[in-house]
Amino acid sequence: MRIGRFVGLVPLLGLILLWQGAVWAQIYPPVLLPAPMKVLGAFGGHGGEILANTMASLQRVAIGIGLAFVVGVPAGLLIGRFAVLDRLFDWSIQTFRSIPPISLIPMAMLFFGIGDQPAIVLIFLAGLWPLLLNTIFGVRGIERTLLKVAAAAGAGEALILRDIILPAALPNIFTGLRLAVGGGWLTVVTAEMIAVKSGLGYMILNAQMTFRPELIFAGIIVIGVVGLLGDFGVQRIRRLACSWQEGLTANAT
Amino acid sequence: MSARFIECLDVGKTYQGRNGAVEALRGVSLSCAEGEFVCLLGLSGCGKSTLLQMIAGLETPSTGQIIVAGRELDGPSPATSIVFQDHGLFPWMSVQANVEFNMKARGVARAERRARAAEMLDLTGLAGFAARYPHELSGGMRQRVGIARALTTRPRALLMDEPFGALDAQTRGHLQRELLDIWARQRTTVLFVTHSIDEAVFLADRILVFTPRPGQLAAVVGVDLPRPRDPRSEGFAALSRQLRGMLGTEGGAE
């Protein structure tokens with residue numbers, strides 16, 4: 001049986017119905033739980049504000065995750081390739097990756113003040129570990145015969161890294177990127193509630209303080225939808241970049 | 001033509017395992033003339049693949065020395081190319097890119113790579129498949145790509161590690177005949193590892209018989225049956241029987 005593409009929307013629509021039901025039943029006063037239509041109205045009334053804050057959050061995530069990619073992937077390729085580097089850095093990586101980026105907010109504010117910088121640093125850290133670890137994992141999983149082919153052919157280290165190690169690790173790198181984008185998005189919202197004066201996190205907190213519950217809900221919805229679209233985006237790029245994988249794995253979505 | 005194109009002198013290999021040292025190969029001395037087709041025959045665990053990997057420069061012998069094309073090995077020699085049982089094709093590269101890889105590694109210019117790749121794809125019956133990816137090919141086709149890639153650097157010796165071991169009998173027969181054809185045309189030396197007695201008798205000028213634990217060269221058997229060989233002929237059967245006795249498997253090593 002073929003299931004339609006948009007069947008994933010069904011539970012979400014169900015949730016909205018449930019929400020509308022709860023509003024009608026007046027389980028909570030309308031000042032706490034605004035009706036779906038009212039929240040929808042907020043997108044009209046505060047459209048500019050929502051858009052500006054969404055762009056601010058997206059920009060921070062793009063910069064932070066971009067930096068994490070540029071640092072994490074090459075470092076992961078080298079650490080995965082050379083056992084010496086692995087032994088040197090393994091304990092450090094395991095120590096630092098256990099620290100939730102959120103717990104570093106106070107320190108980031110001391111060092112960088114209030115603004116973009118502390119947020120970007122935290123997003124960078126949130127994205128770095130999944131990218132680094134998945135890249136290392138991908139390099140380690142490479143088929144040994146392929147490295148033997150390269151060695152027997154007399155291939156130099158640069159060619160091996162670029163033509164063999166990198167493409168072999170690419171599916172895992174995309175898994176890392178998926179986790180990094182997800183983690184970065186979680187982190188940006190939290191960081192904006194504390195250390196920044198713009199973005200979706202700031203907007204939600206501000207809406208609470210100025211008592212605009214419909215804007216709180218609108219912000220939450222935007223966060224969820226952007227998270228979903230971000231994940232779709234990463235998966236799409238992955239399918240393009242790893243098309244050679246089709247037919248090799250049971251579930252190469 | 002050198003009579004001692006590949007030479008092993010008292011070569012041994014010991015691995016340091018978790019439960020102490022494991023001797024994979026002991027005291028192997030052999031030589032192989034240029035243009036010769038030599039099969040290394042033995043049951044699994046007899047060290048024949050280990051020996052081939054050492055001749056390919058992928059592993060270093062624990063004792064003894066290996067000389068290829070007049071030079072003691074200190075890594076892979078440009079005079080040899082290796083073909084693996086699981087073909088070792090890069091799944092993210094097209095057939096064309098796979099075949100060009102060994103030349104790229106040796107710094108051959110792009111135009112030259114194109115030309116030689118086309119020549120070898122033609123030779124191995126792969127013309128028209130250059131744009132395909134490995135997962136779109138059958139096992140036999142993949143191994144053809146592996147052989148084409150190995151030939152592009154014009155090696156003086158082709159080292160083959162059970163190249164047809166994973167193929168069905170019919171495809172295997174095809175590729176054996178094609179390999180003999182390529183060998184006759186290119187006049188390369190071939191060192192061919194196999195555990196199949198019939199395969200060794202069909203292909204080799206000379207068969208080196210290995211016995212396990214530790215791997216040792218037990219006998220050298222010349223094959224003077226006329227080519228092309230007929231597996232149903234009297235001489236073929238007699239030689240197979242003789243080898244079966246040497247390997248100590250009455251039921252055969254197939």
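The values are calculated or read from the model by the stated rules, or taken from the named source; none is laboratory data. Every value quoted in this text rests on a predicted model; they were computed, and no experiment measured them. Heads up, the Cβs are rebuilt from the backbone with ideal geometry, glycines too, and the neighbour counts pull from every protein chain shown.
Is one or more of the residues making up the stretch B:204-221 farther than 26 Å from B:SER77 by Cβ, assigned to a loop (DSSP other than H, G, I, E, B), basic (Lys, Arg) and without any contact (Cβ under 8 Å) to a residue 24 or more places away in the chain? No, that holds for no residue.
Conditions tested, residue by residue: (1) more than 19 Å from B:PRO76 (Cα to Cα); (2) modelled with pLDDT of 95 or more; (3) within 14 Å of chain B (Cβ to nearest Cβ).
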| residue | (1), (2), (3) |
| --- | --- |
| A:ASP116 | yes, no, no |
| A:ALA119 | yes, no, no |
| A:PHE124 | yes, yes, no |
| A:LEU128 | yes, yes, no |
| A:LEU132 | yes, yes, no |
| A:ILE136 | yes, yes, no |
| A:VAL139 | yes, yes, no |
| A:LYS148 | no, yes, yes |
| A:LEU159 | no, yes, yes |
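A:GLY224 falls short on exactly one of the conditions (1) under 30 Å from A:PHE112 (Cα atoms); (2) part of a helix (DSSP H, G or I); (3) in contact with a helix residue (DSSP H, G or I) (Cβ under 8 Å, 6 or more places away or on another chain), and that condition is (3).
Scanning the stretch B:1-56 for residues that are under 18 Å from the mean Cα position of the chain (by Cα), closer than 23 Å to A:THR145 by Cβ and among the basic types (Lys, Arg) yields a single hit, B:LYS48. Taking the criterion of being within 13 Å of the chain's Cα centre (by Cα) and surrounded by fewer than 19 Cβ atoms within 10 Å (Cβ to Cβ), the only residue of the stretch B:159-174 that qualifies is B:GLY165. In this structure, does A:ALA180 turn out to be of a type in the set (Gly, Ala, Ser) and under 20 Å from B:PHE101 (Cβ atoms)? In short, no.
Selection within the stretch B:106-132: residues that are more than 24 Å from the chain's Cα centre (by Cα) and not hydrophobic (A, V, I, L, M, F, W, C). The member of this set that is farthest from A:GLY154 (Cα to Cα) is B:GLY128.
Can you name every one of the helices (runs of 4 or more DSSP H) wholly within the stretch B:82-184 that holds 3 or more residues which are more than 14 Å from every other protein chain (Cβ to nearest Cβ) and free of Cβ contacts under 8 Å to residues at least 40 places away in the same chain? Once the helices (runs of 4 or more DSSP H) in the stretch B:82-184 are filtered for at least 3 residues that are more than 14 Å from every other protein chain (Cβ to nearest Cβ) and free of Cβ contacts under 8 Å to residues at least 40 places away in the same chain, what remains is B:110-123, B:139-151.
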